[in-house]
6 protein chains.
Amino acid sequence: MQRMTEKKTLGRLPREAIRMLEIPRLPQDLVEQFKALVDLTGTLSDAMDELGIVGVIPAYVLPPVTNGTRIVGPALTLRNIQRTAQIHKAAQEKTNTQGESEAHNLAEPGDVLVIEGIMGCSNMGGQSATIARRQGFIGAVVDATLRDPEQYRSMGWPVWCRGFTPITGKWRMQTVEVNGKVQICGVQVSPGDLVCADEAGVCFVPHQQAEAVLRVAQKIDAGDTKRKKDIDSGVAVADLMKKNYKS
Amino acid sequence: MQRMTEKKTLGRLPREAIRMLEIPRLPQDLVEQFKALVDLTGTLSDAMDELGIVGVIPAYVLPPVTNGTRIVGPALTLRNIQRTAQIHKAAQEKTNTQGESEAHNLAEPGDVLVIEGIMGCSNMGGQSATIARRQGFIGAVVDATLRDPEQYRSMGWPVWCRGFTPITGKWRMQTVEVNGKVQICGVQVSPGDLVCADEAGVCFVPHQQAEAVLRVAQKIDAGDTKRKKDIDSGVAVADLMKKNYKS
Amino acid sequence: MQRMTEKKTLGRLPREAIRMLEIPRLPQDLVEQFKALVDLTGTLSDAMDELGIVGVIPAYVLPPVTNGTRIVGPALTLRNIQRTAQIHKAAQEKTNTQGESEAHNLAEPGDVLVIEGIMGCSNMGGQSATIARRQGFIGAVVDATLRDPEQYRSMGWPVWCRGFTPITGKWRMQTVEVNGKVQICGVQVSPGDLVCADEAGVCFVPHQQAEAVLRVAQKIDAGDTKRKKDIDSGVAVADLMKKNYKS
Amino acid sequence: MQRMTEKKTLGRLPREAIRMLEIPRLPQDLVEQFKALVDLTGTLSDAMDELGIVGVIPAYVLPPVTNGTRIVGPALTLRNIQRTAQIHKAAQEKTNTQGESEAHNLAEPGDVLVIEGIMGCSNMGGQSATIARRQGFIGAVVDATLRDPEQYRSMGWPVWCRGFTPITGKWRMQTVEVNGKVQICGVQVSPGDLVCADEAGVCFVPHQQAEAVLRVAQKIDAGDTKRKKDIDSGVAVADLMKKNYKS
Amino acid sequence: MQRMTEKKTLGRLPREAIRMLEIPRLPQDLVEQFKALVDLTGTLSDAMDELGIVGVIPAYVLPPVTNGTRIVGPALTLRNIQRTAQIHKAAQEKTNTQGESEAHNLAEPGDVLVIEGIMGCSNMGGQSATIARRQGFIGAVVDATLRDPEQYRSMGWPVWCRGFTPITGKWRMQTVEVNGKVQICGVQVSPGDLVCADEAGVCFVPHQQAEAVLRVAQKIDAGDTKRKKDIDSGVAVADLMKKNYKS
Amino acid sequence: MQRMTEKKTLGRLPREAIRMLEIPRLPQDLVEQFKALVDLTGTLSDAMDELGIVGVIPAYVLPPVTNGTRIVGPALTLRNIQRTAQIHKAAQEKTNTQGESEAHNLAEPGDVLVIEGIMGCSNMGGQSATIARRQGFIGAVVDATLRDPEQYRSMGWPVWCRGFTPITGKWRMQTVEVNGKVQICGVQVSPGDLVCADEAGVCFVPHQQAEAVLRVAQKIDAGDTKRKKDIDSGVAVADLMKKNYKS
């Protein structure tokens, strides 16, 4: 988090719309321990239940574009809302108020782009996604729709979103905040929260509680592995029930 | 907008969560001309169509608590999102993160409280509403649920909302911003935008375009009145169609 | 159904968009017998179940604007769909494609206006409703939204619809057919079908089967009245169950 | 709960479908203390949050038929599901599988009828409601639709439901259980749980925890009353925030 | 259905929550004839229409986890509802009320597990699914969400469900009944009903009517095969229409 | 569009239900230019925004059955609505009112079948699809459900629809119009409009405006290609923003 010089914004958004130039980032070895969990989101969800934290979105609500991918990294956030100009008027005046390039500009390798957006139109097109990946984002979690599905699939860049559309966001949405608190499918996310996503869903682990969540998750992970071994070796249902694998 | 001394916040929210201490307010005589429109939201909606502005919510989406009320005043905005603590944990620790009192504290007589909130729990209880009215708010537009329906009805204080609930918001929501841009039923609202609401719905007139919208609305209003008179006096359908009442 | 001269259209829609100038209408004494049913829609729904006819919409799906009203009359139908011009473009070019005036023009006293429309904008404003009533329509059933709620309520003109909005339909919808087959909340309606509506919902009785439906309904009505008398006089639950009131 | 002779069923349902002939009922003086709470469902919802109990349904999800009514009484439960015969076939064969009369038959004065039903058709008609009231039920909470709205309104019998319909349930639903565990709008209810409902919503207080919930609720009630007095007497926002009314 | 000794429950649920220890099972050769139908669910749906039976769920409502699988077997049913303890409280007290192991314990080879569950959390995790398969279940139909999608896919065990989630059901749901009547996506299912599922959807054939349904289905199947041959050999549209393939 | 002899209908529908025997078709070289667009629906959606035309449906609303297919061809339209006979009655009487064979009968090679249908049952089965393809349709866009998913997939015939079901439409729907104006997912489509569909969604280009839309689309297409090249060659975010690729 220590840098020589402060980052500069692109000037695409008013300066005050960018809440932080740097997000809090966890030490890399902690991030690696999260990655080492066997069942990433299932175990974290269990750990967060134990600690009383709300932060999980099921895959049936926010599915991955491609099965079999998983990511772990800090959230860099963006909020888009509907604009006040009607579409055709905006298209005629060519006033593009979509601003995810400001997020791309602040990305560090390993960050995850998290967008609270609007449904129906694109909150990030294929070209923008190419830039996002080039800037270091390891994936994106988008509570909204995107454009250019073939490109997303061919890139192999992990993305969770609400679906695809051919309709541009340029004349329909306005980016109002970068690195503020956002709400993704009803879950609060702050910049720097650890995004952990796989085929089952997305967990947002609050930055301050990341280490505590990890410790509980590791204990659960060990118990699950033992139980799985017992099941595979044919232990009877009644016997499985009697054992306590969680401690 | 000129005041001797700057307002103070209550310290309930971090200072940076309060985007403006004063909202832009239109001259009172302009507000009065809006109030004088015969069909308030219908005429404004037509005027905003002509000018290419998006800003209207139908009553079937966001109904008034009581029929027959109408309000005109500048928006003072509040944004609530789900919190990260689970309900019972928050209730045990008694950490209340609901902060509409910061909005009440900034209100001037004639302002309208506009809340982007969360469904299911209360974004403003009856006691809070009593304070809101006392502080000068002439009504509220809430994209979310409220508590204490009997009190709202008995107060006769005009409110548009998504319904009522007995469930407290204290342990469920977090107020994250006062006087930032919000999204109400999919419509962008900035602090200071003119809220015009009646039984048919809610219009948010952008502050900068208020005068332009009013001029168009007044022209439409005059035409409608003429047409209504013709209908009442029995002019034939075919003849009504031929006349141009809009210019 | 016999008239001296054929009706003329207003020329607002292409001639082929108007499928019939005259709808089939039942003899008035049959209509009066429908009106005489004690529980209008409940009894008709039961009769249509017996005859295997689909044609009932619950009030929770399509509520009356005012409780306590009921209507019986033949359907004159209208179909509105979204237009291809974007709103602001249409508003600039002032190309109004809303055409319920063609329906008003064909109305006979006692008819019911039935509109398959689109949600969000108005499919018939207050002024248009005033004309509709003047032309003879005894009420309207609208699978869509309307404008000017206060006027609808003050008129006391019976209407079933999906809610109110301030937003005009002029630049948003296109009337594509008058007196064709329409679908109202998933139920097929042909011009001339008997519309019977009350606080519990709306029944569309197919024109050809109206007499058969009425005969069954009258039998059910008589049984219900007997059963109600027994309940009011305190007959025990077990005894009520043993009696057959339907034959 | 002590009775001389066991109740008899009507034989309308198989005997094993009726899980209990008598539901557990709380002492009347405890019920009276619940009734004495100033804000019935709001205070109970707060108390249940403190004790970690799930059991509240907002009024916007399950509204009262009439505003201004409130009830407190033990739940006598009924579960209806879709039947396997198609409608017209069932109507032809006259095989009525609707069985709320078995519930009516078991009612004691002061009980509340709680129905998990199916949408679209009637889970209890007006005549059945008349019998329900006669048998002692003080009201009903129905997660489904009902028939005969005018009769419900004219009876003044408190009911919470999902809306009205003219369509009979006789050929569409099957009553499969009386006095089993049901789920009402996603909330578990056991026979004997205390139903407390008003204009804001419905609380189901688990029978075993009723006294504990009441004690917490009474403490909250007292604090709220004090705070309300302070607000009415004009105490400043900043001062209201500093006081602790909950202990 | 004849067994030497009665099955024993695991004691995880109260004994009365388990409605049957043995479900009715059809003779194996009848099951094989169902399996031999070319278009499994399409033909059965047609046969059930002819006989007036409701029992089909489209795949767009309840999709298979993997395309290309099909199963035929008797339903062993389970019902889960939301519990009354709040999540964090239940997690702290470690009171797990999820009970599908009682169903696993009663399974015979060839049975199908049918779960009426709750959305959002897991009604059967991957380890539980491994046990279910080991106990003889040939697949599952779950009106709710599941956990561990990768494991389900890698097992190749046929499942129809509403989607995946990382969130445990342990602290959120309560199993209240095994082998009672359940409702799956609005369709009634009794233990022993024949579950027939493929890529197009799921049919529940009532146990008592299985043979009658099969006979009609076989006749339709034969006609469809003939018609398909005619289409493939190029018979003209007008000629195809004239032929009667159903008798 | 010039033909020697007029087409004949099959007599399955009343003659007046078929609005046009021939649809307007664009010159083949124009169709080829549409096909040559790199990003088919994305570019057309942008062009239609510039010209103020509404006509695009996102893939998350109406997904393709198979990814990676794309079609361009004129719309031949069909409208299905619910019928008035109850299912079992219709099945008993064997009165099939499904009429897409009339559309098949009018098809020319290169046409696209566009169906406004009803949800739940099949609007075109696998056998009907085989005939549709044989008659020249290059694909179908269906705002409703279909039957026989395996056959659709194995045919490799491009289809966009709302999902699959085993339930027949024969007894549930009535085809009421061929080659009239329809509404597909809220978008107006006239016979002859150019259907352009790919993995991102479906665009309906109005016949009269097809050439104008194409010219704008080609300009946008060229700019996008240039921008894509710049991104791939590593041009900085700030520099990309400064360039105007659209003129």
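For the structure I just gave you, tell me whether residue F:233 is out of contact with any Phe, Trp or Tyr (no Cβ under 7 Å at 6 or more places or on another chain) and under 30 Å from residue F:124 (Cβ atoms).
Taking the combined requirement at face value, the residue does not satisfy it.
Working carefully through the options E:32, E:93, find the one that is under 17 Å from residue E:207 (Cα atoms) and surrounded by fewer than 19 Cβ atoms within 10 Å (Cβ to Cβ).
E:32
Hey, among the residues in the range E:139-151 that are at pLDDT 95 or above and more than 8 Å from every other protein chain (Cβ to nearest Cβ), which one's nearest to residue E:201 (Cα to Cα)?
Ranking the candidates gives E:141 first.
Considering only the range C:92-109, I want to know if a residue exists there that is among the charged types (D, E, K, R), under 24 Å from residue F:184 (Cβ atoms) and in contact with an Asp or Glu (Cβ under 7 Å, 6 or more places away or on another chain).
no
Residue C:172 passes all but one of (1) touching a residue at least 24 places away in the same chain (Cβ under 8 Å); (2) more than 14 Å from chain B (Cβ to nearest Cβ); which number fails?
The one condition residue C:172 does not meet is (2).
Enumerate the pairs (first residue in the range A:45-72 and on the phi < 0 side of the Ramachandran plot; second residue anywhere and charged (D, E, K, R) and surrounded by fewer than 19 Cβ atoms within 10 Å (Cβ to Cβ)) with beta-carbon separation below 6 Å, excluding pairs fewer than 6 apart on the same chain, so at least 6 apart or on different chains.
Going by the 6 Å Cβ cut-off, the qualifying pairs are A:72/A:35.
Quick test for you: out of B:221, B:198, pick the one residue that is modelled with pLDDT under 95 and within 28 Å of residue A:82 (Cβ to Cβ).
Sole residue among the options that is modelled with pLDDT under 95 and within 28 Å of residue A:82 (Cβ to Cβ): B:221.
For the range C:71-92, what are the residues that are more than 9 Å from every other protein chain (Cβ to nearest Cβ) and more than 14 Å from the chain's Cα centre (by Cα)?
Within the range C:71-92, just C:80 meets the criteria.
Determine whether the range B:40-52 contains at least one residue that is within 14 Å of chain C (Cβ to nearest Cβ), more than 30 Å from residue A:54 (Cα to Cα) and in a loop (DSSP other than H, G, I, E, B).
So far as the range B:40-52 goes, yes, one or more of its residues are within 14 Å of chain C (Cβ to nearest Cβ), more than 30 Å from residue A:54 (Cα to Cα) and in a loop (DSSP other than H, G, I, E, B).
Out of all the residues in the range A:196-208, is one or more touching a residue at least 60 places away in the same chain (Cβ under 8 Å), under 30 Å from residue B:54 (Cα atoms) and buried (at least 17 other Cβ atoms within 10 Å of the Cβ)?
No, the range A:196-208 has no match at all.
Looking only at the range B:209-220, decide whether some residue is buried (at least 22 other Cβ atoms within 10 Å of the Cβ), in a loop (DSSP other than H, G, I, E, B) and under 18 Å from the mean Cα position of the chain (by Cα).
Checked the range B:209-220: no residue is buried (at least 22 other Cβ atoms within 10 Å of the Cβ), in a loop (DSSP other than H, G, I, E, B) and under 18 Å from the mean Cα position of the chain (by Cα).
Kindly provide the set of residues from the range D:54-69 that are at pLDDT 95 or above and either in a strand (DSSP E or B) or within 10 Å of another protein chain (Cβ to nearest Cβ) (or both), ordered by number.
D:54, D:55, D:56, D:57, D:58, D:59, D:60, D:61, D:63, D:64
Do you know which residues across the range C:199-208 are over 17 Å from residue C:158 (Cβ atoms), at the interface with another protein chain (Cβ under 10 Å from one of its Cβ atoms) and more than 13 Å from the chain's Cα centre (by Cα)?
Passing the criteria: only C:208.
Could you identify the single residue in E:163, E:136 that is modelled with pLDDT of 95 or more, facing chain A (nearest Cβ under 10 Å) and surrounded by fewer than 23 Cβ atoms within 10 Å (Cβ to Cβ)?
Only one candidate qualifies: E:163.
In the range E:100-133, how many are within 9 Å of chain A (Cβ to nearest Cβ), in contact with a strand residue (DSSP E or B) (Cβ under 7 Å, 6 or more places away or on another chain) and among the aliphatic types (A, V, I, L, M)?
Adding up the residues that qualify gives 1.
Name every residue in the range A:147-173 that is out of contact with any strand residue (DSSP E or B) (no Cβ under 6 Å at 6 or more places or on another chain) and within 25 Å of residue A:19 (Cβ to Cβ), in order of residue number.
A:170, A:172
Within the range C:221-245, track down each residue that is loosely packed, with under 13 Cβ neighbours inside 10 Å, small (Gly, Ala, Ser) and facing chain D (nearest Cβ under 8 Å).
Result: C:234, single match.
Determine, yes or no, whether residue D:155 is modelled with pLDDT of 95 or more, closer than 25 Å to residue C:235 by Cβ and away from chain C (no Cβ under 11 Å).
Spelling it out, it is not the case that residue D:155 is modelled with pLDDT of 95 or more, closer than 25 Å to residue C:235 by Cβ and away from chain C (no Cβ under 11 Å).
Under the condition of being closer than 16 Å to residue A:166 by Cα and surrounded by fewer than 22 Cβ atoms within 10 Å (Cβ to Cβ), which residue from the range F:36-50 is nearest to the chain's Cα centre (by Cα)?
That would be F:38.
So, in the range C:107-133, of the ones that are charged (D, E, K, R) and under 20 Å from residue C:28 (Cα atoms), which residue ends up surrounded by the most Cβ atoms within 10 Å (Cβ to Cβ)?
Looking at the filtered set, the residue picked out is C:111.
Out of the residues in the range C:221-247 meeting the condition of being within 34 Å of the chain's Cα centre (by Cα) and of a type in the set (Lys, Arg), tell me which one is farthest from residue D:91 (Cα to Cα).
In this case the residue turns out to be C:229.
Answer yes or no: is there a residue in the range E:142-152 that is assigned to a helix (DSSP H, G or I) and of a type in the set (Lys, Arg).
Scanning the range E:142-152, I find no residue that is assigned to a helix (DSSP H, G or I) and of a type in the set (Lys, Arg), so the answer is no.
What number of residues within the range D:225-247 are touching a Gly at 6+ places or on another chain (Cβ under 9 Å) and basic (Lys, Arg)?
Qualifying residue count for the region: 2.
Given the conditions (1) over 17 Å from the mean Cα position of the chain (by Cα); (2) among the hydrophobic types (A, V, I, L, M, F, W, C); (3) surrounded by fewer than 24 Cβ atoms within 10 Å (Cβ to Cβ); (4) part of a loop (DSSP other than H, G, I, E, B), report the number of the one that residue D:171 does not fulfil.
(3)
Checking the structure you have, find out if any residue of the range B:186-208 is assigned to a helix (DSSP H, G or I) and more than 30 Å from residue B:92 (Cβ to Cβ).
Scanning the range B:186-208 turns up at least one residue that is assigned to a helix (DSSP H, G or I) and more than 30 Å from residue B:92 (Cβ to Cβ).
What residue, of B:144, B:200, B:222, is more than 25 Å from residue B:20 (Cα to Cα) and in contact with an Asp or Glu (Cβ under 9 Å, 6 or more places away or on another chain)?
B:200
Checking residue D:8 against (1) under 28 Å from residue B:152 (Cα atoms); (2) at pLDDT below 95, which single condition isn't satisfied?
The failed condition is (1).
Going through the range C:175-184 one residue at a time, which ones are more than 10 Å from every other protein chain (Cβ to nearest Cβ) and assigned to a loop (DSSP other than H, G, I, E, B)?
If the condition is that a residue be more than 10 Å from every other protein chain (Cβ to nearest Cβ) and assigned to a loop (DSSP other than H, G, I, E, B), then C:179 is the only one that fits.
When the range B:91-117 is examined, which residues are found to be within 22 Å of residue B:16 (Cα to Cα), assigned to a loop (DSSP other than H, G, I, E, B) and not charged (D, E, K, R)?
Once the filter is applied, which keeps residues that are within 22 Å of residue B:16 (Cα to Cα), assigned to a loop (DSSP other than H, G, I, E, B) and not charged (D, E, K, R), the range B:91-117 yields B:95, B:96, B:97, B:98, B:99, B:107, B:117.
The values are calculated or read from the model by the stated rules, or taken from the named source; none is laboratory data. Remember, predicted model here, so these are calculated numbers, not experimental data. Neighbour counts are summed over all protein chains in view; Cβ atoms, including those assigned to glycine, are modelled from backbone coordinates with ideal geometry.
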